[in-house]
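Where a number appears in this text, it was derived from the coordinates with a stated rule and is not lab data. Being a predicted model, the structure only gives us computed values, none of them experimental. Because the Cβ atoms are built from the backbone with ideal geometry, glycine has one as well, and the counts that use them run over all protein chains shown.
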Amino acid sequence: MRPIVTRFAPSPTGHLHVGGARTALFCWAFARRLGGRFMIRIEDTDQARSSDESARGILEDLAWLGLSWDDGPVLKRTGAGGEAEAIGAGSRAVGPYFQAQRLAIYNAYIEHLVGAGLAYPAFESGAELEARRKAVVALKQTYRYQRPADIVPGVVSEARWARARAGESHVVRFVSPAGEVLVKDSVLGDVRIAAGELDDFVVRKADGFPTYHFAVVIDDELMGVTHVLRAQEHLINTPKHVALQAGLTRLIDDADASKGSTGVRFTTPVYGHLPLICNPDGSKMSKRDKAKAARKFLKDQMGKDAGLTAAAVAAKIKLDEKMVADFVAGEIDAVEVATAVAGAYGLSLPEIDVWDYRASGYLPGVVMNYLSLLGWSTGQKNADGTDVDRFELGFIAANFSVERIGKKEARFDRAKLLAFNADVLGKMPDEEFLRTWLRWLAVHEPSVHRGLVGADRAGGGKDGGAGGGSASTPFTHEQLLWLVQAVKPRAKTLADGQRAIGFALVDDGAVVFDVGAVAKVLRGASAPASKDAAPSGRTGLDVLRLAAAELRGAQSPDQSGHWKSELIEMGSLPVGPAGLPVSLPAGVSVSLPAGLPAGLPAGLDSLIAGLAQREGLAIGGVAQPLRVALCGSTVSPGLGHCLAILGPARALARVARCLKEFDG
RNA sequence: GGCCCCGUCGUCCAGCGGCUAGGACGCGACCCUUUCAAGGUUGAGACACGGGUUCGAUUCCCGUCGGGGUCACCA
């Protein structure tokens, strides 16, 4: 038996999108499960649209997702742990893995096909065919290329080749078989395409490049691909591939047809067509969706504002006017226009590329987990009766099977992905979260990264100077962990983190006090009293003064700029109903989670609770005014964390400023 | 329009002739609570329709309807 080989064969015409990522995942998992090889091939036969940057980006995305390939282009990169890796370095010698470098091979096989009378040059121009197609469609009939009357299957058309050799521009078409074509599909079952449905499709374009259909068939055969898993949109192409395989035999020399054929027929790989991934509205999720969204936005805006012309838009987004006009007219779907429009007008584009999810702060493992569930399931149950649906990449590799691939198209549910991501983030140990978060911030939010760890961390010395002041207060590792604790339950993605800790990133003198919060909490009616106490009759500002004194007293007496250490011990005690620590019976102790410098946030919370109790106030009566003074609003992480993160100096400075601003 | 594929809660999956049709996300309620989150408990919610086959259909067959894909010198 031949060793199992699967392949993922993207065309480098943009980013890797989630549908492609799932296809790659399934191919990878299938190969891993069965001990086969997973291969990457770059299908760059579209000269106009392919680019090396795109190919590189797609490989990067695959690597980020954790999919490594055994065969294919070599990608040198730095792994998640900072180590250098070279994916694809152990490839079999069946390359090159870029189709544009395999032209000699395709030509040899085309020549071979021609010699067998199974391919012929055709001279119609694109415009000519287009006109014919339009005419047929106008009559509501199905357009198919009509085989020229002089073509006889199995007979070489010398007259046509004479024209071609004379330099006349031409394509090469395949002489399609007359009978029914059967496609055996491991997901869908048998699919039959009736005789006559296949027309003589093009196998070599006028520019000398093979078409997709031809190149795939040749490469899959020559590269030993045994199993092809691809999206269902390709199902309709498969008869073409099967027909080609039936007409082709292996050459003695793959790059030279004149050496003759071995007579060995091409093998048809096992096909499996995956259900499509769709938008919430049920349409196919495609890279063109970004263009669609941007176009709709522009049209709406132009409809509202007559002054907004293509020229005006072009000027604003700094792109060619004609390009913008074509874009709006729907002539082109250029992503760069869509992206530029989104950037300039604050429009958010649908997230469809793997890169989009990277930038939004999703974890690669979660993306893979979620994607695997689109069209596949484990069929396994947990002990508690729930489905097995949360797992890592390795689990997919160990459990994948084609039998469990579904047939129905799946709609992409952003909310569910988000929930999965939040779940994993929430369960991540603090240290790991911190590493992951900082790594993400360094790439996607460098200024926040600088605000957290300082500007000169990543080498290069202190020369970055321009920004000066605001980046001057990097946090200690301990404070960073408290930041993480504040962020974790509030972040569904890594990008959510900054929002939760915005208060800590802003300079003490720049805290913006929310008008509504000030009115309600600081100046409003009396601060809420504790349950059995009489109404306090004191405003939030009154309470804030008390709190300020309390905080002053909580500073470390050694002037070290820390909170006093007793708070840490206080924070290690169990908390009673009033929010205050309960003293432990002799001999009993509580153990804190290992390695956590915790205690302090809890101790600070207790400090607030203690103040509230002494003053006959509800905890909120103290907490809310303090929260506004510290963070500017009534929404923030737990107060203990806020105080711990800021430290006494910053906290007191903020309270003082607030008092100065609103008191009297 | 031709051809092809598909059809279980709003969404994603489980079910492979007999089940109180299960789980996840979302949604509702309640609890917890110093704000926002998080967490806990709990509830509502589906076999598209019509014919067969069968003692018995969500499950098998046919049709209808509905959804999607595809009809290029793009892949």
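Structure summary
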item	result
Per residue Cα convex hull volume in Å³ - calculated over segment A:143-228	138
Order of A:W437, A:W563 under a 10 Å beta carbon neighbour criterion, fewest first	A:W563, A:W437
Across A:K134/A:K184; A:K296/A:K492; A:K296/A:K520; A:K205/A:K296, pairs whose alpha-carbon gap is larger than 31 Å	A:K134/A:K184; A:K296/A:K520; A:K205/A:K296
Helix-only CD estimate at 222 nm, as mean residue ellipticity for chain A, using -39500 (n - 2.57) per DSSP H run (n ≥ 4)	-13000 deg cm²/dmol
Gain on full stretching of the segment that runs from A:E83 to A:H444 - 0.36 nm per residue minus C-alpha separation	127.9 nm
A:T23, A:T45 arranged by Cβ crowding within 10 Å, fewest neighbours leading	A:T23, A:T45
Net length gained if the chain between A:S526 and A:Y143 were fully extended (0.36 nm per residue, minus Cα distance)	129.9 nm
Shape of chain A, Cα gyration tensor, a/c cut at 1.5	prolate
Between segment A:485-508 and segment A:418-441, the Cα center-to-center distance that results, in Å	12
Alpha carbon centroid spacing (whole Å) that separates segment A:132-176 from segment A:219-237	26
Least to most buried among A:L244, A:L541 (fewest other Cβ within 10 Å first)	A:L541, A:L244
Centroid-to-centroid separation of segment A:611-664 and segment A:193-212 [C-alpha atoms, Å]	73
